[in-house]
Amino acid sequence: MFSEVGRRLRAFRAKNPDAKIISLGIGDVTQPLAPAVIEAMHKAVDEMSKAETFRGYDDNHIGYPFLREAIREHDFRSRGVEIDIGEIFISDGAKCDTANMQELFGADNVVAVTDPVYPVYVDTNVIAGRTGRAKGEGQYEGIVYMPCTAANGFVPALPEGDVDLIYLCFPNNPTGAVATKEQLRQWVDYARGRKAVILFDAAYEAYISDPEIPHSIYEIDGAREVAIEFRSFSKTAGFTGVRCAFTVVPKDLQVYGKDGDGIDVNGLWNRRQCTKFNGVSFVTQAGAAAVYTEAGRGQVRDTIRIYMDNARMIRESLVKLGYRVYGGVNAPYIWMETPKGIGSWDFFDELLEKAHLVGTPGAGFGASGEGYFRLTAFGRPDDVREAIRRFDSITA
Ligand SMILES: Cc1ncc(COP(=O)(O)O)c(C=O)c1O
């Protein structure tokens, strides 16, 4: 999808070299790192410059205790969730962790994904040979697709048959939907009943503003037995170019071989990471830990407020213009219905031609994304205001 977006953009630019194009399509952040993070990283660089404080490999490969302890306190204990630091694995991205986790599981395990979906979950299972052939509309044989539509509030129904690995992402990219405690409880109960594993991507939890919405799947009783959670500093603290994330693999989580014997996933993931990964740089981890200081927390919150003000501006203006719009309240993504039911790629072309605006066609995220269009709130506020003005030239 993103290469097709790039191709169309290049073609448009070649014909319209003077057009000032604004992108509301990117999932990348635009605000700088928080001052507390910069200060901590500078200090860490200074430590690396002296023999007494220099650090080489992170001995245990899975992250310095100072960062894992800060995560345990601020991301989990503060929400009433107890996570041991031996269950927290620091990495260089939630993309690689969500991509790599499937390596631990059998080639014949059945994977369930939402439709629309963050493409990494699907493509990595295709690469691993866990699916059949492509069958059109970007779908693959052997994968269970769970449609997320306006009718179900973009939270999928439980699959009818047995599945082994379930990828869920809340707050969701691309729909901006969130799941309530009750909805997540149904998933946890399902997974416990079927011995399935939930791969829960919470990369956008920092954008939740509704106090009733869970930030972690471990806020649900029993989730420690069936769920792995992925988090990232990318969107929480502007680390897309710095690279730091973490994954929680509870020690209570067991999977079952054909003989029915339980296997400890925490130990397997530890082994996988220590075999294939040599840790995140000390400077980066020092910067990530600064996100949890009092100053860091406030600064990061201020940045998130800038993005969520963008989201509100986009949402409110589109609603005023007569569009049907979802998301953008507890997530930095706005999921809009295309006007008059036109195809999402046709809307992409129209928006580019008439308003010089770029968004992401919903169909690129899966068959159920057709008729939708994703806008992100990560732009600079001035660009967002200008983009909103240009939307006037498109009729809803
Ligand atoms: C749902 C989701 N998970 C994970 C990621 C990747 O995060 P990271 O930058 O930590 O690799 C993204 C980034 O766009 C995302 O949208």
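The values are calculated or read from the model by the stated rules, or taken from the named source; none is laboratory data. Being a predicted model, the structure only gives us computed values, none of them experimental. Every residue, glycine as well, gets a Cβ built from its backbone with ideal geometry; the counts of neighbours run over all protein chains shown. Note: accessible area is taken over every heavy atom of the protein model, side chains too, but ligands, DNA and RNA are not part of it. Shrake-Rupley method; radii C 1.70, N 1.55, O 1.52, S 1.80 Å.
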### Message
Classify the stretch 95-226 from the C-alpha gyration tensor, please: rounded if a/c falls under 1.5, else prolate or oblate depending on whether a/b exceeds b/c.
### Response
prolate
### Task
Quote the FRET efficiency, to the nearest 0.05, computed for residue 264 versus residue 150 with a Förster distance R0 of 41 Å and r equal to the Cβ-Cβ distance.
0.50
### Task
Let me have the relative contact order for the chain, percent, based on Cα pairs under 8 Å that are six or more residues apart.
23 percent
### Task
Give the whole-number value, in cubic angstrom per residue, of the convex hull volume spanned by the C-alpha atoms of the chain.
149 Å³
### Query
Which percentage, to the nearest 5, of the DSSP beta bridges contained in the chain is antiparallel?
55 percent
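Can you tell me what share of the DSSP beta bridges in the stretch 244-396 is antiparallel? A percent to the nearest 5 is fine. If you can, show how the numbers build up before the last one.
Working: 13 of 13 bridges.
Once the DSSP bridges in the stretch 244-396 are tallied, antiparallel ones form about 100 percent.
Remind me, relative contact order of the stretch 275-340 in percent, using alpha carbon pairs under 8 angstrom and six or more residues apart?
Over the stretch 275-340, the number comes to 20 percent.
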## Note on the structure
Reported to the nearest 10 Å², residue 234 has, with a 1.4 Å probe, an accessible area equal to 10 Å²
### Query
So what is the relative contact order for the stretch 1-123, in percent, with contacts set as C-alpha pairs under 8 Å and at least six apart?
13 percent
### Task
Please go through the residue pairs 95/251; 20/354; 320/340 and name each one whose alpha carbons sit more than 18 Å apart in this structure.
95/251
### Task
Enumerate the lysines that residue 258 could reach by cross-link, defined here as Cα to Cα under 19 Å, with residues fewer than 8 away along the same chain left out.
195
### Summary
Heavy-atom accessible area of residue 96, protein chains in place, probe 1.4 angstrom, given in Å² to nearest 10, is 40 Å²
### Derived scalar couplings ³J(HN,Hα) [the stretch 165-172; Karplus, 6.51 cos²θ - 1.76 cosθ + 1.60; whole Hz; x for Gly, Pro]
10, 10, 8, 10, 9, 9, x, 8
### Query
Could you work out the helix-only [θ] at 222 nm for the chain, with each DSSP H run of four or more residues adding -39,500 (n - 2.57) and the total divided by the number of residues, to the nearest 500 deg cm²/dmol?
-11000 deg cm²/dmol
### Query
Could you give me the ³J(HN,Hα) list for the stretch 98-104, computed from phi with Karplus coefficients 6.51, -1.76, 1.60 and θ = phi - 60°, whole Hz, x at Gly and Pro?
5, 6, 7, 4, 4, 4, 6
### Query
In the chain, carbon and sulfur make up what percent of the accessible area (probe 1.4 Å)?
50 percent
### Task
Just order 46-52, 388-394, 184-190 by mean Cβ neighbour count inside 10 Å, highest at the front, would you?
184-190, 388-394, 46-52
### Query
By what distance, in whole Å, do the Cα atoms of the stretch 172-322 stretch along each of the three principal axes, largest value first?
58, 42, 25
### Task
Report, in debye and to the nearest 20, how large the dipole of the stretch 193-325 comes out about its Cα centre when Lys and Arg carry +1 and Asp and Glu carry -1 on their Cβ.
520 debye
